[in-house]
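**Student:** For reference, the structure I am asking about is given below.
The values are calculated or read from the model by the stated rules, or taken from the named source; none is laboratory data. Bear in mind that the values here come from a model prediction, so they are computed numbers and not experimental data. Positions of Cβ are generated from backbone atoms using ideal geometry, with glycine treated the same way; all protein chains shown enter the neighbour counts.
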Amino acid sequence: MTATTEDIVGRGARDGGELFRNWYDGLTTAAAKNEKAAYVFVMGSLAEIVRTFDLHCVFPEINSLQTAVRHCSDEYLSLAEDHGFSPDVCGYVKADYALQLRGGEHPMGRIPPPSIAVQTNACNTYLKWSEIWERMYDIPVVTVDVPGSRSAPGTAVLSGESVERDRQYVLYQIKELISHLETLTGKKFDVDRLREVLRLTNRMGRAWRRVLELNRARPAVFDAMMEGTIYLGVANALRGTEEGAVYFENLVEEMEYKAEHSISPLVDHDKEHRLVFVGVPCYPIFRRFYQLFSEWGGVFVSSTYTWFASGGLNLDFEYDLENPVESLAEGVMLSVQRAGDSMLFHDKYLLDGIDEFGADGVVYHPIKSCRTVSTSLADSRRVVLAERDVLCLYIESDMMDKRVVSEAQLKNRIDAFFEGLESRRIRKATAGTAAAPGAEQSATTP
């Protein structure tokens, strides 16, 4: 049977939603059966090692953002603040703390408590966040300390010897993590099982990079802020699984079909304004936040979120299945370094992205909850404006706390931004017409 447009277009959203619900159903069952779970993080994810020991993977960041998307984060934030957390503390942390106080109760089901926490230093908040679980549940916390970039991307290159020392440092820590997991589960580490998990992650990574690449098409085939966030959820939750690999391979088929048939996420793709998004979306009004841009023909062709929150899947790197543990160490090192660069050194990547995707503008979205991801955005904006002929919008809200989200103020700023983009488009079109051969004659001939 030949697949139709209705079968293919929208399949990523439909299948992604179903896979996500099934994943949460599995966590709810795990909580009911008191099965062991490892709490891991999106950046510097070590899910492959966790899956090798058949532990359930819980991503606290995903759990927290889901409370905002499903319009109940205020309940969780208020409970945490009643227990002494400051309004300035990361909203993800506060929502998760409240979730633990409520016995794992979550809008998608119930989350099992941690048996172990596994983290990298990709975010400084991870370290303090894990201490909360350590105190609440008396669990082991394993931190893999990854050396960061020594300077801004493109300004210096480490020697091969230095890179190898960094990789060996991470490798030693991963071997220690394996020992901890053997003790926790009573299972011997199975290197062939790790190979299989890494093979599936390689498949997922190849497909994810192709999906990102396909948004160079005109019109764009998906919105990297709205739909890209959905895809990221599946990429993290089902990393290293057959279901996850198949999902992204099917997603490639959908995006290639849309590119071939000029199918856009916009109703009228002739009005497309191609944008790059910097930061984390505004989840308390997620769909409306997207509409504030799409109503003007704005589509995000790229997003820094799809870089730093994909666990390195965006990198042109594949695990070496002949040397799985060593290669995992290299992959973790590269993904954490690039995640940090994507948050702290936006400039080079943004300039490359503007050129690569033909962007008309950049939207910077600093948020109250996360100082790390909001660092240096104003400076980055100045650099981009000086180096490229684009417009930049700087708007502030939050990823979790609706109390600091003003839709009216956001709309005013966004409308003014698009009025500027529309004006530039008209001027360029007028200048192009005036410069065309014979334009002057045609303008004066009856």
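**Student:** Out of all the residues in segment 319-344, which are touching a Ser or Thr at 6+ places or on another chain (Cβ under 9 Å) and closer than 21 Å to Ile178 by Cα?
**Tutor:** Tyr319, Asp320, Leu321, Gly331, Val332, Ser335, Val336
**Student:** Which of the residues spanning segment 67-88 are among the hydrophobic types (A, V, I, L, M, F, W, C) and in contact (Cβ under 8 Å) with a residue 60 or more places away in the chain? Show your work before the answer.
**Tutor:** To start, the set of residues in segment 67-88 that are among the hydrophobic types (A, V, I, L, M, F, W, C) comprises 68-69, 72, 77, 79-80, 85.
Result: Ala68, Val69, Leu77.
**Student:** So, one more: Give segment 42-84 a look and list any residue that's part of a helix (DSSP H, G or I) and of a type in the set (Lys, Arg), or say none.
**Tutor:** Taking segment 42-84 and keeping what is part of a helix (DSSP H, G or I), we get 47-52, 60-69, 73-82.
Hit for segment 42-84 is Arg51, nothing else.
**Student:** Please state which one of Gly109, Gly44 is buried (at least 20 other Cβ atoms within 10 Å of the Cβ) and either closer than 19 Å to Val141 by Cβ or touching a helix residue (DSSP H, G or I) at 6+ places or on another chain (Cβ under 9 Å) (or both). I'd like the intermediate steps shown before the answer.
**Tutor:** Details: Gly109 fails: buried (at least 20 other Cβ atoms within 10 Å of the Cβ).
Being buried (at least 20 other Cβ atoms within 10 Å of the Cβ) and either closer than 19 Å to Val141 by Cβ or touching a helix residue (DSSP H, G or I) at 6+ places or on another chain (Cβ under 9 Å) (or both) holds for just one of Gly109, Gly44, which is Gly44.
**Student:** If you check every pair at least six apart or on different chains, which have Cβ atoms under 8 Å apart with a residue in segment 403-414 that is over 23 Å from Glu81 (Cβ atoms) first and a residue that is of a type in the set (Val, Ile, Thr) and not in a helix (DSSP H, G or I) second?
**Tutor:** Note: pairs meeting the criteria are Leu410/Ile395; Arg413/Ile395; Ile414/Ile395.
So that you can scan it fast, the table gives a plain yes or no per residue for (1) under 25 Å from Val373 (Cβ atoms); (2) polar (S, T, N, Q):
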residue: Thr4; (1), (2): no, yes
residue: Phe41; (1), (2): yes, no
residue: Gly44; (1), (2): yes, no
residue: Asp54; (1), (2): no, no
residue: Asp82; (1), (2): no, no
residue: Val89; (1), (2): yes, no
residue: Lys94; (1), (2): yes, no
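**Student:** In segment 264-277, which residues are out of contact with any Pro (no Cβ under 8 Å at 6 or more places or on another chain) and either assigned to a loop (DSSP other than H, G, I, E, B) or modelled with pLDDT of 95 or more (or both)?
**Tutor:** First pass over segment 264-277, keeping only residues out of contact with any Pro (no Cβ under 8 Å at 6 or more places or on another chain): 265, 267-268, 270-271, 273-277.
Within segment 264-277, Pro265, Val267, Asp268, His273, Arg274, Leu275, Val276, Phe277 qualify.
**Student:** Here's something else I'd like to know. Kindly check whether there is at least one residue in segment 79-88 that is on the phi > 0 side of the Ramachandran plot, at pLDDT 95 or above and either of a type in the set (D, E, K, R) or surrounded by fewer than 17 Cβ atoms within 10 Å (Cβ to Cβ) (or both).
**Tutor:** Quick first cut of segment 79-88, residues on the phi > 0 side of the Ramachandran plot only: 84.
So of that shortlist, the ones also at pLDDT 95 or above come out as 84.
From what is left, the residues that are either of a type in the set (D, E, K, R) or surrounded by fewer than 17 Cβ atoms within 10 Å (Cβ to Cβ) (or both) are 84.
So far as segment 79-88 goes, yes, one or more of its residues are on the phi > 0 side of the Ramachandran plot, at pLDDT 95 or above and either of a type in the set (D, E, K, R) or surrounded by fewer than 17 Cβ atoms within 10 Å (Cβ to Cβ) (or both).
**Student:** So, one more: Would you be able to say whether some residue in segment 259-269 is among the polar types (S, T, N, Q) and in contact with a strand residue (DSSP E or B) (Cβ under 9 Å, 6 or more places away or on another chain)?
**Tutor:** Start the filter on segment 259-269 by keeping residues that are among the polar types (S, T, N, Q), which leaves 262, 264.
From what's left, in contact with a strand residue (DSSP E or B) (Cβ under 9 Å, 6 or more places away or on another chain): 264.
The answer is yes; a qualifying residue exists.
**Student:** Could I ask something else about it? Take the residues of segment 278-300 that are at pLDDT 95 or above and of a type in the set (Gly, Ala, Ser): which is nearest to Val69 (Cα to Cα)?
**Tutor:** Looking at the filtered set, the residue picked out is Ser294.
**Student:** If you take the residues of segment 331-348 that are buried (at least 21 other Cβ atoms within 10 Å of the Cβ) and touching a residue at least 60 places away in the same chain (Cβ under 8 Å), which of them is farthest from the chain's Cα centre (by Cα)? Steps first, please.
**Tutor:** Restricting attention to segment 331-348, the residues satisfying the condition of being buried (at least 21 other Cβ atoms within 10 Å of the Cβ) are 331-333, 335-339, 342-343, 346.
Among the residues that remain, those that are also touching a residue at least 60 places away in the same chain (Cβ under 8 Å) are: 332-333, 335-337, 339, 346.
Values: Val332: 16, Met333: 18, Ser335: 13, Val336: 13, Gln337: 15, Ala339: 10, His346: 15 Å.
Result: Met333.
**Student:** A further question on this structure: Could you name every one of the helices (runs of 4 or more DSSP H) located completely within segment 157-239 that has at least 2 residues being at pLDDT 95 or above and polar (S, T, N, Q)?
**Tutor:** Answer list for segment 157-239: 160-185, 191-214.
**Student:** Of the residues Glu227, Glu196, only one is closer than 24 Å to Gln66 by Cα and of a type in the set (D, E, K, R); which? Working first, answer last.
**Tutor:** Working: Glu196 fails: closer than 24 Å to Gln66 by Cα.
Step by step, each of Glu227, Glu196 is checked, and only Glu227 is closer than 24 Å to Gln66 by Cα and of a type in the set (D, E, K, R).
**Student:** With the structure loaded, tell me whether Arg287 is in contact with an Asp or Glu (Cβ under 7 Å, 6 or more places away or on another chain) and surrounded by fewer than 24 Cβ atoms within 10 Å (Cβ to Cβ) or whether it fails that test. Lay out the reasoning, then the answer.
**Tutor:** Working: in contact with an Asp or Glu (Cβ under 7 Å, 6 or more places away or on another chain): no; surrounded by fewer than 24 Cβ atoms within 10 Å (Cβ to Cβ): yes.
The answer is no for Arg287.
**Student:** Restricting the search to segment 298-330, which residues are farther than 24 Å from Phe41 by Cα and buried (at least 23 other Cβ atoms within 10 Å of the Cβ)?
**Tutor:** Gly298, Val299, Phe300, Val301
**Student:** Within segment 354-390, how many residues are part of a strand (DSSP E or B) and touching a Lys or Arg at 6+ places or on another chain (Cβ under 7 Å)? First the steps, then the outcome.
**Tutor:** Let us first name the residues in segment 354-390 that are part of a strand (DSSP E or B), namely 361-365, 367.
Of the ones still in play, those that are also touching a Lys or Arg at 6+ places or on another chain (Cβ under 7 Å) are 364.
Matching residues across segment 354-390 total 1.
**Student:** Of Ser335, Ser327, which residue is touching a Phe, Trp or Tyr at 6+ places or on another chain (Cβ under 6 Å), under 20 Å from Ala122 (Cα atoms) and outside any loop (DSSP other than H, G, I, E, B)? Outline the logic, then answer.
**Tutor:** Working: Ser335 fails: touching a Phe, Trp or Tyr at 6+ places or on another chain (Cβ under 6 Å).
Just a single option satisfies the conditions, and that option is Ser327.
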